[in-house]
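I have placed the structure first, in the form of structure tokens, so that the comments after it can refer back to it.
The values are calculated or read from the model by the stated rules, or taken from the named source; none is laboratory data. Since we're looking at a predicted model, the values are computed, not measured. Using ideal geometry, Cβ is built from the backbone for each residue, glycine included, and neighbour counts are taken over all protein chains shown. These area figures cover heavy atoms from the full protein model, side chains too; ligands, DNA and RNA do not enter into them. Shrake-Rupley method; radii C 1.70, N 1.55, O 1.52, S 1.80 Å.
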Amino acid sequence: MSSMDGARVEEILSGLLAQNPSISPKYFYDGLGSRLFEIITLLDEYYPTRTEGAIMSQYSAEIAKAIGKCDVLLDLGAGNCQKGGALFESLMPVEYRALDISKEFLEEAIAGLQEKFPQILMTAQEFDLQNSLSFPELATRKKTFFYPGSSIGNFDPESASNLFRNLAEVCDGMGGLLIGVDLIKPLDVLDKAYNDSLGITAAFNKNILLNINRILASNFRLECWDHYAIFNEELGCIQMYLRAIEDQMVTWPGGRRLFKSGELIHTENSYKYTQEHFESLLISAGFKSTQSWTDSRQHFLITYASFDEGAVN
Ligand code: AVJ
């Protein structure tokens, strides 16, 4: 076991053994989980990905104009680099850096993009956004960060704020952040998006236990757990849990835990914002201005936060 694996095991165990057990949503994305998420994005009920794509393509010229000359484009949580690559035509960055928690998809994706855009310098970097960002080698360069998909929704507002502060600092008065976030909307729309009729979100949620079994050599049994997703109005987020169907003992080398029938393991928070709240977080973090774009139903928001005093919307 590498030290990295040891740290992962520690993190997972402390979540599983806590009074209110939890597993970090980053453990959703093993090979199967990443594919299940891709299927979620194809569901009628799951509006975010499709809506974000429509806003990005409808306003691509305005977005490119707001960003201006793009030197280094840093893609946070790049995955298959599809969304980052879609910006190349309009932004034409000098350099593209794809960051993600796993390098697995990155290198292949970059190889494909490099063929289409040989003039752009492209690199992949393994990175967990729970850690703070710093790019000393890019100190004098104008940096445009790209964080699409409402991945920011997995952070609570205070942690989101800290990430924004970190990004504003790294930008050092130049460039900015282009970010997609899910908006607060009628409950039934939210509910359907996380309780889809095909049960893909349920499979996505339960698959986290298969991944944990692999990492911990634990013995979670999927038939003993139900998917449970609910909007927490107080916090403003969708919360996903796995609910024990019956009393059960789960064991792993060196430990075990009894889960009582009905007990919950928290697997994800997905925060939703109003435009006003989201923009105010960015401004408080140090960005000078924001410009936002949304769809006609106001389901999703794209914001560019920058250091240009002019770009007020
Ligand atoms: C990738 C975090 C944006 O919160 O909607 C989809 C993940 N979870 N269905 C989201 C997810 C359940 C997704 N994010």
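For the chain, find the longest principal axis of its Cα atoms and tell me its angle to the long axis of helix 275-284, 0 to 90°, nearest 10.
With both axes taken from Cα atoms, the answer is about 70 degrees.
Quick one: dipole size for the chain, taken about the Cα centre, charges +1 on Lys/Arg Cβ and -1 on Asp/Glu Cβ, in debye to the nearest 20.
Numbers: 26 positive and 42 negative charges, 43 e Å.
Its charge dipole is roughly 200 debye.
Would you grab the residues whose amide H sits under 5 Å from the one on MET122? Only those 5+ places off in sequence or on another chain, please, with H modelled 1.01 Å from N.
Correct list: TYR96.
Using only Cα atoms, what Kirkwood radius does region 1-155 have, in angstroms? Intermediate values should be presented prior to the final figure.
Details: mean 1/r = 0.0576 Å⁻¹.
For region 1-155, the Kirkwood estimate is 17.4 Å.
Lysines within cross-link reach of LYS83: Cα-Cα under 26 Å, excluding same-chain residues under 8 positions apart?
Within the straight-line cut-off, LYS83 pairs with LYS26, LYS65, LYS69, LYS103, LYS116, LYS142, LYS143, LYS185, LYS192, LYS272, LYS288.
How do the peptides 208-217, 281-290, 116-125 rank, highest first, by the average count of neighbouring beta carbon atoms within 10 Å per residue?
Values: 208-217: 17.6, 281-290: 19.3, 116-125: 14.4.
Descending packing order for the listed peptides: 281-290, 208-217, 116-125.
Which ³J(HN,Hα) values in Hz, rounded to whole numbers, follow from the phi angles of region 150-158 under the Karplus curve 6.51 cos²θ - 1.76 cosθ + 1.60, where θ = phi - 60° and Gly and Pro get x?
The phi angles translate into 6, 4, 4, x, 6, 8, 6, x, 5 Hz.
Just the accessible area for THR201, please: 1.4 Å probe, Å², rounded to the nearest 10?
About 10 Å², ignoring ligands and nucleic acids.
Rounding to the nearest 20 debye, state how big the charge dipole of region 5-68 is about its Cα centre with +1 on each Lys and Arg Cβ and -1 on each Asp and Glu Cβ.
Numbers: 5 positive and 9 negative charges, 29 e Å.
The dipole of region 5-68 has a size of about 140 debye.
Please compute the per residue accessible area over region 148-283 with all protein chains in place, 1.4 Å probe, rounded to a whole number of Å². The partial results should precede the final answer.
Details: 5770 Å² over 136 residues.
Accessible area per residue: 42 Å².
What residues qualify as long-range amide H neighbours of ILE184, i.e. H under 5 Å apart, gap of 5 or more or another chain, H built at 1.01 Å from N?
TYR273, THR274
Starting from the amide H of ILE245, placed 1.01 Å from N in the peptide plane, find each other amide H under 5 Å away whose residue is 5 or more places distant or on another chain.
Correct list: TRP225, ASP226, GLY262.
At LEU187 and LEU235, where each label point lies 7 Å from the Cα along Cα→Cβ, what is the point-to-point distance in nanometres?
Calculated label separation equals 1.7 nm.
Using θ = phi - 60° and the Karplus relation 6.51 cos²θ - 1.76 cosθ + 1.60, list the HN-Hα couplings for region 164-180 in order, rounded to whole Hz, with x at every Gly or Pro.
Result, rounded to whole Hz: 4, 4, 4, 5, 4, 5, 4, 5, 6, x, 10, x, x, 10, 9, 9, x.
State the extension gain, in nm to one decimal, for the chain segment bounded by GLU107 and ASN20, taking 0.36 nm per residue of separation less the distance between their alpha-carbons.
Values: separation 87, 0.36 × 87 = 31.32 nm, distance 3.75 nm.
Result for the pair: 27.6 nm of gain on full extension.
Starting from region 1-104, pick out the trypsin sites (Lys or Arg not before Pro) whose DSSP state is loop and whose Cβ has at most 13 other Cβ atoms within 10 Å. Please report the intermediate quantities before stating the final value.
Details: sites: ARG8, LYS26, ARG35, ARG50, LYS65, LYS69, LYS83, ARG97, LYS103; in loops: LYS69, LYS103.
When the trypsin sites (Lys or Arg not before Pro) of region 1-104 are filtered for loop state and at most 13 Cβ neighbours within 10 Å, LYS69 remain.
Say the dipole of region 74-145 comes from +1 at the beta carbon of Lys and Arg and -1 at that of Asp and Glu; which of MET122, GLY79, SER102 then lies farthest toward its positive end?
So the residue we want is MET122.
With a 1.4 Å probe and every protein chain kept in, tell me what percent of the accessible surface of the chain is carbon plus sulfur.
On the way: 7600 of 14720 Å².
The computed percentage sits at 52.
Nearest 500 deg cm²/dmol is fine: what mean residue ellipticity at 222 nm does the chain get from its DSSP H runs of n ≥ 4 alone, each adding -39,500 (n - 2.57), divided by its residue count? Numbers along the way, then the final one.
Numbers: 11 runs with 115 residues, N = 313.
Estimated from H runs of four or more residues: -11000 deg cm²/dmol.
Per residue of region 34-42, in order, report the coupling 6.51 cos²θ - 1.76 cosθ + 1.60 (Karplus, θ = phi - 60°) as ³J(HN,Hα) in whole Hz, putting x for Gly and Pro.
Calculated HN-Hα couplings, in order: 5, 5, 4, 5, 4, 5, 3, 5, 8 Hz.
Which angle between 0 and 90 degrees, to the nearest 10, do you get for helix 48-58 versus the longest principal axis of the chain when only C-alpha atoms count?
Helix 48-58 and the main axis of the chain meet at about 10 degrees.
Return the tail of the calculated pair distribution for the chain, meaning the percent of Cα-Cα pairs more than 24 Å apart. Write down the numbers at each step before the final one.
Numbers: 27062 of 48828 pairs.
Everything past 24 Å amounts to 55 percent.
For GLU137 paired with SER57, estimate the spin-label separation in nm (one decimal), with each label point 7 Å from Cα along the Cα-to-Cβ line.
3.5
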